[in-house]
Amino acid sequence: MKVTHYLPLAAACLMMVGCGTGKQKAEMTAGIQLANLDTTALPGSSFYQYACGGWIESHPLSPEYSQYGSFTELAENNRKQIQGLIEELAATQHEAGSVAQKVGDLYKIVMDSVKLNKEGVAPIKADLEQIASLKDKEAVYALLADLRKQGIGAYLGLYVAADEMNSNENAVQLYQSGLSMGERDYYLATDPSTTAIRDAFRTHVQKMYQLAGFDEATAKKGMEVVMDVETRLAKAFRSRTELRDPHANYNKMSMEEVKKNYPTFNWDAYLSGLGLTDVKEIIVGQPASVAEAANILNTLPVDQQVLYLQWKLIDSAASALNDEMAQQNFDFYERTMSGTQEMQPRWKTAVSVVSSALGEAVGQMYVEKYFPAAAKERMISLVKNLQTSLGERINNLAWMSDETKLKAQEKLATFHVKIGYPDKWKDYSTLEIKDDSYWNNIKRANLWNYAEMVAKAGKPVDKDEWLMTPQTVNAYYNPTTNEICFPAGILQYPFFDMNADDAFNYGAIGVVIGHEMTHGFDDQGRQYDKDGNLKDWWTEEDAKNFEKRADVMVAFFDSIEVAPGVHANGRMTLGENIADHGGLQVSYQAFKKATAAAPLEVKDGFTPEQRFFLAYANVWANNTRPEAILQLTKIDVHSLGKWRVDAALPHIAAWYDAFGITEKDPMYVPVEERISIW
């Protein structure tokens, strides 16, 4: 969803022995794996290299990855655990319609490469023919609706989610969509690397048409249509930086206004086809993109509409078809765009597919075996400790008025905390998994997900619903529910070590929990009130003070050269950078308070304060291919791992003290130039 933060930054403690109490058992370890360090590097030259250099050297990229880091390593461990659970079900027969049958059978279908290759592209032939049967423009709208329900987006996107100015109610919303390469710059930028990718995309599209059974001339024409349509859409798209303005992306219109503003678009046919027959209002995210989509639909000849929609089907289904289609799909989207050299083993794909289609069913099995229920309560205690620290920091802000502080404290106190797994699991009884084809099962899963979503239109928001599965190695802050969520999948080392002392655990999980909390007060999150409504609760002067401080951060990150001639985007990554900064400040303060009564000892040659920062840095250990660096700098709202360390720590006074950093060190930033927000 457009403003929800899905953040690869979270963790929790499974057994919070001594967390937040200052009491440590004698056998508690330092938690730091010394092999991860590169002691030939100087902490003040590149703390990232110093803390993570050993890990980086010992984890070279294998051909199946464009980047591999601490998050990837944990995700792989989780995937192997899930594989064992799924394969146990797949090995035996189960009652038809049971969750066990669905999980086991879907896994076997994805694994059956012999069947996939025998079928070739036959699973999409009927759909291609249905699209080819289009005779007039009006018929396109019903087809667009059918494709959307199947998970195939074209021209524009539609979803149902909380109304940001009435966060208790779900609303129908439109957003810019339809670009196969995902990012508008791939169609518009003229630098050599982007131009090369665009040229490769043309070749890819033409090859895919041909693999789907089209002759060379039709494939070439199809490619030209795809480039024309998607370039036109890209020109109307907002940039990822512009998308960070929630007010600009909130344009509620009555249906009368929607029809007046986009008169050539057949809204009745489209919404009826989607099962939305009584829509009174629509929130339009990016009006210019909707206008261009309507214009293309109105002016593009039907035969070209057919080719474009056939492409969207081919593009969506490719990975679920025969090896030839899947390999070509990989060659462009993974090898060309991000530098990945080889496809992953089929079992990894199969586990991911099952974990996506039957997410909470797999999650329920996962937590029953790998996540103790008692961890939820212990994690809640830690979160409360971090909330206290953030509250103290808010009270001590010199740049914020008492009026705004009061409202900030109210918002902080009403955080909805989700830990591990949901209290109520989803019911998959109406999702049918059949032994027909991989692609048909993906379609049915998408139809099931769509029906679940669209049924929410006009109804109250379920604030207990989870937006991630429990096995996900990730976390999020959602502004419309004012919630922070930490799935079970990420609640493990290197984010938490039950045998390590508070120095390690506050440096790792403490920072990442503080990060999630700070998202409620970053450049986007601060614009939502305690109830999740997009509402200005700041005084004018306080808002200016915040923006002035945030601009310092933007300028600092803009100055970073991530590759020769390529700079980081400080404005696009602002929210994540603010959250990193806040997480460090909040957790360090909580750590010092927790251990004040019983200070920790030096362990493995490192003071407690040093171990705090080493633990933080190790979370971001990562190897990344050059192609992926360029791709992520274009599309990712997170800074690269190296800069989440080397660009974040120079603004933390305690880091200077811990490692004796002085103005002689390259990472030194004068006090008056340092970022200071939360």
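Residues in the range 350-377 that are part of a helix (DSSP H, G or I) and in contact with a strand residue (DSSP E or B) (Cβ under 9 Å, 6 or more places away or on another chain): Gly363, Val367, Ala375, Lys376, Glu377. Looking at Asp636, Asp665, Asp646, just one residue is under 24 Å from Gln33 (Cβ atoms), of a type outside the set (Gly, Ala, Ser) and assigned by TED's automatic domain parsing to the domain that holds Glu516, and that residue is Asp646. As a summary of the residue check, Asp185 satisfies the conditions (1) under 24 Å from the mean Cα position of the chain (by Cα); (2) under 26 Å from Glu465 (Cβ atoms) except for the one numbered (2). Taking the range 514-538 as the range and being closer than 30 Å to Thr607 by Cα and in contact with a Ser or Thr (Cβ under 7 Å, 6 or more places away or on another chain) as the test, only Gly514 passes. Give me the pairs, please: first residue somewhere in the range 449-465 and without any contact (Cβ under 8 Å) to a residue 60 or more places away in the chain, second residue anywhere and among the hydroxyl-bearing types (Ser, Thr, Tyr), beta-carbon distance under 7 Å, and either six or more positions apart or on two chains. Sorted first by the residue in the range 449-465, then by its partner, the pairs are Lys463/Thr481. Which of the following residues is more than 14 Å from His515 (Cβ to Cβ), surrounded by 20 or more Cβ atoms within 10 Å (Cβ to Cβ) and touching a residue at least 40 places away in the same chain (Cβ under 8 Å): Gln610, Gln585? From the options Gln610, Gln585, the qualifying one is Gln610.
Annotation: of all residues in the range 485-536 being in contact with a Leu (Cβ under 8 Å, 6 or more places away or on another chain) and among the acidic types (Asp, Glu), the one that is surrounded by the most Cβ atoms within 10 Å (Cβ to Cβ) is Asp502. Quick one: in the range 1-32, which of the residues that are polar (S, T, N, Q) and not in a strand (DSSP E or B) is modelled with the highest pLDDT? Among residues in the range 1-32 that are polar (S, T, N, Q) and not in a strand (DSSP E or B), the one modelled with the highest pLDDT is Gln24. Among the residues of this structure, Asn329 does not count as one that is modelled with pLDDT of 95 or more, surrounded by fewer than 17 Cβ atoms within 10 Å (Cβ to Cβ) and farther than 20 Å from Thr472 by Cα.
For the range 228-251, the condition of being in contact with a helix residue (DSSP H, G or I) (Cβ under 9 Å, 6 or more places away or on another chain), assigned to a helix (DSSP H, G or I) and closer than 20 Å to Asp127 by Cα holds for none of the residues. Set side by side, the residues Asn545, Asn569 differ, and just one is of a type outside the set (Ser, Thr, Tyr) and assigned to a helix (DSSP H, G or I), which is Asn545.
A search for C-beta distances below 8 Å between a residue of the range 272-283 that is more than 16 Å from Ala161 (Cβ to Cβ) and any residue that is of a type in the set (Ser, Thr, Tyr) and assigned to a strand (DSSP E or B), counting only pairs 6+ apart in sequence or on different chains, returns Lys280/Ser254. Looking only at residues of the range 113-126 that are more than 30 Å from the chain's Cα centre (by Cα) and over 12 Å from Asp323 (Cβ atoms), we find that the one that is surrounded by the fewest Cβ atoms within 10 Å (Cβ to Cβ) is Ala126. Report yes if Val284 is more than 29 Å from Val473 (Cβ to Cβ), crowded, with 21+ Cβ neighbours inside 10 Å and within 23 Å of the chain's Cα centre (by Cα), otherwise no. The answer is yes for Val284. Do we find a residue being free of Cβ contacts under 8 Å to residues at least 24 places away in the same chain, of a type in the set (Lys, Arg) and part of a helix (DSSP H, G or I) anywhere in the range 312-323? No, there is no match, as no residue in the range 312-323 is free of Cβ contacts under 8 Å to residues at least 24 places away in the same chain, of a type in the set (Lys, Arg) and part of a helix (DSSP H, G or I). Out of Ala615, Ala628, Ala598, Ala658, one residue alone is over 26 Å from the mean Cα position of the chain (by Cα) and in contact (Cβ under 8 Å) with a residue 60 or more places away in the chain. It is Ala598.
Quick one: is Thr539 hydroxyl-bearing (Ser, Thr, Tyr) and either surrounded by fewer than 22 Cβ atoms within 10 Å (Cβ to Cβ) or in contact with a strand residue (DSSP E or B) (Cβ under 6 Å, 6 or more places away or on another chain) (or both)? So Thr539 fits the description; yes.
Per the listing Ala615, Ala597, the residue uniquely assigned by TED's automatic domain parsing to the domain that holds Thr39, surrounded by 22 or more Cβ atoms within 10 Å (Cβ to Cβ) and of a type outside the set (Phe, Trp, Tyr) is Ala615. Checking each residue in the range 647-676 for being within 20 Å of Lys548 (Cβ to Cβ) and of a type in the set (Lys, Arg) picks out only Arg674.
Where helices (runs of 4 or more DSSP H) fall entirely within the range 33-150, those with at least 2 residues that are basic (Lys, Arg) are at 70-90, 99-111, 113-119, 137-149. In the range 483-494, the residues that are of a type in the set (Ser, Thr, Tyr) reach residues that are at pLDDT 90 or above and surrounded by fewer than 24 Cβ atoms within 10 Å (Cβ to Cβ) with C-beta atoms within less than 8 angstrom, at least six apart or across chains, in these pairs: Tyr493/Leu74. Going by the structure shown, is Gly153 closer than 30 Å to Pro246 by Cα and in contact (Cβ under 8 Å) with a residue 12 or more places away in the chain? So Gly153 passes the test. Could you please let me know if Phe556 is more than 16 Å from His651 (Cα to Cα) and touching a residue at least 24 places away in the same chain (Cβ under 8 Å)? Considered against the rule, which asks whether it is more than 16 Å from His651 (Cα to Cα) and touching a residue at least 24 places away in the same chain (Cβ under 8 Å), Phe556 comes out as no. For Ala161, the conditions (1) more than 30 Å from Glu292 (Cα to Cα); (2) aliphatic (A, V, I, L, M); (3) at pLDDT 95 or above are fulfilled apart from (1).
Does Lys548 qualify as being touching a residue at least 12 places away in the same chain (Cβ under 8 Å) and at negative phi? Considered against the rule, which asks whether it is touching a residue at least 12 places away in the same chain (Cβ under 8 Å) and at negative phi, Lys548 comes out as no. Is it true that Asn482 is more than 30 Å from Leu34 (Cα to Cα), surrounded by fewer than 24 Cβ atoms within 10 Å (Cβ to Cβ) and not acidic (Asp, Glu)? When the stated conditions are applied, Asn482 passes them. Taken over the range 204-226, the criterion of being without any contact (Cβ under 8 Å) to a residue 40 or more places away in the chain and farther than 16 Å from Asp303 by Cβ is satisfied by Gln206, Gln210, Glu216.
Can you work out which of the residues in the range 367-417 that are over 22 Å from Pro487 (Cβ atoms) and hydroxyl-bearing (Ser, Thr, Tyr) is surrounded by the fewest Cβ atoms within 10 Å (Cβ to Cβ)? This residue is Ser401.
Residues in the range 639-678 that are touching a strand residue (DSSP E or B) at 6+ places or on another chain (Cβ under 8 Å) and surrounded by fewer than 23 Cβ atoms within 10 Å (Cβ to Cβ) were compared, and the one that is farthest from Gln67 (Cα to Cα) is Trp643.
The values are calculated or read from the model by the stated rules, or taken from the named source; none is laboratory data. Worth saying up front: this structure is predicted, and the values here are computed from it rather than measured. With ideal geometry, Cβ positions are generated from the backbone for all residues, glycine too; neighbour counts draw on all protein chains shown.
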